[in-house]
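Worksheet: the structure to be examined is printed underneath.
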Amino acid sequence: MAGIAPGQTVLFYHDERLHYLRKVLEKGDFECHKGRIPWGQIIGRNYGEVVKTHMGISFTLLRPSLADLMIGVKRRTTIAYPKDVGYMLLRASIAPGVRVAEVGSGSGALTFILARYVQPQGHVYSFERRPEFLEVARANVKRLGVEEFVTFELRDVEKQGFGVKEVDVCVVDVPEPWGIVPHAAKALVGAGRWVSLSPTTEQLQKTRKALEEHGFTRFEVWEVMMREMLIRPQGSRPRERMISHTAYLAFAEIAGGNPDASNAATKY
């Protein structure tokens, strides 16, 4: 197995409180308040090896998970949490070969995950109406190596529509998702899926009304909560703080759409 190379990302892990996600450089040092390690001493090593800073502090070189990479993106907006994204992927059947239309590129964190799951045959069409957000999202997706599976477009979907058809899933993360519903109804294949993220119940009420008016069915809303358990020799207990409410996840499916279209989301 080839060793760690410049450009790869490494999670320097000491313990649950001390860990760093870093991109390996050709020159210079990995640095933190616990010391430094020349990158030359990292390049060529394998994931799983243990290295020490000049202060003698040990770090294990771990391969970042998708959740690590998602949380670690440079951001100008809030991002979807891994706990929500995991259920979204399953409930919406996002898998290789699926065509996804994403409204609200944000910082590109969700775009990255979508692209990782639809590759190599599928594609993500990501729409953002604010150019400064689109620039950040495009840079993050390129840095994470999935840009060939994403098409970004500066577009106000509520006013202009999607500009693409026969997509399998619409993922909507904007403050007023109900304004996207009429366009999603036209862009989705038969039985295509709708997913939206909303922080308040008032948004859900308006979204459901719009979905029902445009031929969607099987409307469901879920809230995912996650609490870490602390497993220690002296005793185990839940962590005092938890990731509770982040967003309500709304799902629906279009009754109709293009009946002749190939729905990749049901092919596995």
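Connecting C-alpha atoms closer than 10 Å in a GNM of the chain, tell me which of Glu240, Glu158, Glu148 has the biggest fluctuation.
Looking only at Glu240, Glu158, Glu148, the largest GNM fluctuation is found for Glu240.
What is the stretch 9-64's relative contact order, in percent, from Cα pairs under 8 angstrom and six or more apart in sequence? Spell out each step's value before the answer.
On the way: 97 pairs, mean separation 21.1, N = 56.
The value is 38 percent.
Using the Cα atoms of the stretch 1-40 to build a convex hull, what is its mean projected area in square nanometres?
On the way: hull surface 13.0 nm².
Spelled out: convex hull of the Cα atoms, projected over all directions, averaged, 3.2 nm².
Each residue of the stretch 12-21 in turn: what ³J(HN,Hα) in whole Hz from Karplus with 6.51, -1.76, 1.60 and θ = phi - 60°, glycine and Pro shown as x?
So the Karplus estimates, Gly and Pro as x, are 7, 10, 9, 7, 5, 9, 10, 7, 9, 9 Hz.
Specify whether the C-alpha gyration tensor of the stretch 67-266 places it in the rounded, prolate or oblate class, a ≥ b ≥ c being the square roots of the eigenvalues: rounded for a/c under 1.5, otherwise prolate if a/b is larger than b/c and oblate if not.
On the way: a/c = 1.70, a/b = 1.37, b/c = 1.24.
In terms of gyration-tensor shape, prolate.
Rounded to the nearest 10 degrees, what's the angle between the helix 201-213 long axis and the longest principal axis of the chain, both from Cα atoms, 0 to 90?
Helix 201-213 and the main axis of the chain meet at about 40 degrees.
Every number in this text was worked out from the coordinates using simple rules, so none of it is lab data. Since the structure is predicted, the reported quantities are computational estimates derived from the model, not experimental observations.
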